[in-house]
1. So Ser164 passes all but one of these: (1) in a loop (DSSP other than H, G, I, E, B); (2) buried (at least 21 other Cβ atoms within 10 Å of the Cβ); (3) not charged (D, E, K, R). Which condition number does it fail?
2. Going through Leu85, Leu146, Leu141, Leu114 one at a time, which residue ends up being part of a helix (DSSP H, G or I), at pLDDT 95 or above and within 12 Å of the chain's Cα centre (by Cα)?
3. Name the residues in the stretch 180-203 that are in a loop (DSSP other than H, G, I, E, B) and either under 26 Å from Ile84 (Cα atoms) or acidic (Asp, Glu) (or both), would you?
4. Does the stretch 171-187 hold any residues that are surrounded by 15 or more Cβ atoms within 10 Å (Cβ to Cβ) and either more than 19 Å from the chain's Cα centre (by Cα) or of a type in the set (Gly, Ala, Ser) (or both), and which are they?
5. Here's a check for you: in the stretch 201-247, which residue that is over 20 Å from Ala154 (Cα atoms) and among the polar types (S, T, N, Q) is surrounded by the most Cβ atoms within 10 Å (Cβ to Cβ)?
6. For the stretch 167-179: of the residues being touching a residue at least 24 places away in the same chain (Cβ under 8 Å) and either not in a helix (DSSP H, G or I) or not small (Gly, Ala, Ser) (or both), which is farthest from Ile193 (Cα to Cα)?
Amino acid sequence: MKIYIYFLNMAQEFNSKQIKSFTLLLLSLQKKNTILGFAISLVPMLVTAFSIELFIGKIIGGEVHADGMKGINAIFFIFFSNAILQSTEALKNYGTIIKSSYLHPATVMISESLLQYASFIVSFLVLALAFNISFEKSALLILLSLLLALYTLAVTNCLLVVSSILEDFGRILGIIFQMLFWISPILYSVHMIKSDLVYIFMANPFYIFFELISLIFSPQSFDHHLFWWGLGSSLTFLAALYLLLMNLRKKILVFL
């Protein structure tokens, strides 16, 4: 019930006109409002995805396993890490505007996340074409990315107030995401881990999305124990953030 109220409150903060205007402003500032500017912004994500898919796959497996799954894992990770990092930093960067206007903090968060999601979708389409990912898999992956976007928004919504209180929160988040990269099954599968340490890796709140990507690519390897453990970790993490931070979140304008 509390989770329902949480998302209801987020919806009440939704202002489509503000979001459209502010997203266009961010597009102009960050991507130079040109196709070339947007394309250049995709280069780091695509280089990382292709490098992991082709070169890392060749090193680990002795041959190129070019089904696209490692590359998809990479862009999913880059999307949620960039969305959270950029959204929390944007709130700090535009704090003065928020305090002196009717611009809502949720608008900044959603607009930044929309830009990151747009980059993700274009990168995803490039990978889908490059590795000949089937239409059925592509449709399921896009649906999964929408669920990840909602989950990322929910997490970011809780973290906004922390970024306003802690000056170096962006650096702390950057370190956390570096750690999460190595304990996320991007370069490997948790099915390769033959010890109880696998449950530590699955404590990663974003693990469930990588498990679902693996399920889409290799349904025969589905492990319901890993699935429920990962889902429980994700929901527990979100619930903990809500309980710890949402009372402060209501007073976010005080901290800007």
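The values are calculated or read from the model by the stated rules, or taken from the named source; none is laboratory data. Because the structure is a prediction, the values reported are computed rather than measured. Backbone-built Cβ (ideal geometry, glycine too); neighbour counts: all protein chains shown.
1. Among (1) in a loop (DSSP other than H, G, I, E, B); (2) buried (at least 21 other Cβ atoms within 10 Å of the Cβ); (3) not charged (D, E, K, R), the lone unmet condition for Ser164 is (1).
2. On the way: Leu85 fails: at pLDDT 95 or above; Leu141 fails: within 12 Å of the chain's Cα centre (by Cα); Leu114 fails: at pLDDT 95 or above.
None of the other options fit; the residue is Leu146.
3. Result: Ile183, Ser184, Pro185, Ile186, Leu187, Tyr188, Ser189, Asp196, Met202, Ala203.
4. Within the stretch 171-187, Ser184 is the sole residue that qualifies.
5. The qualifying residue surrounded by the most Cβ atoms within 10 Å (Cβ to Cβ) is Ser214.
6. Phe169
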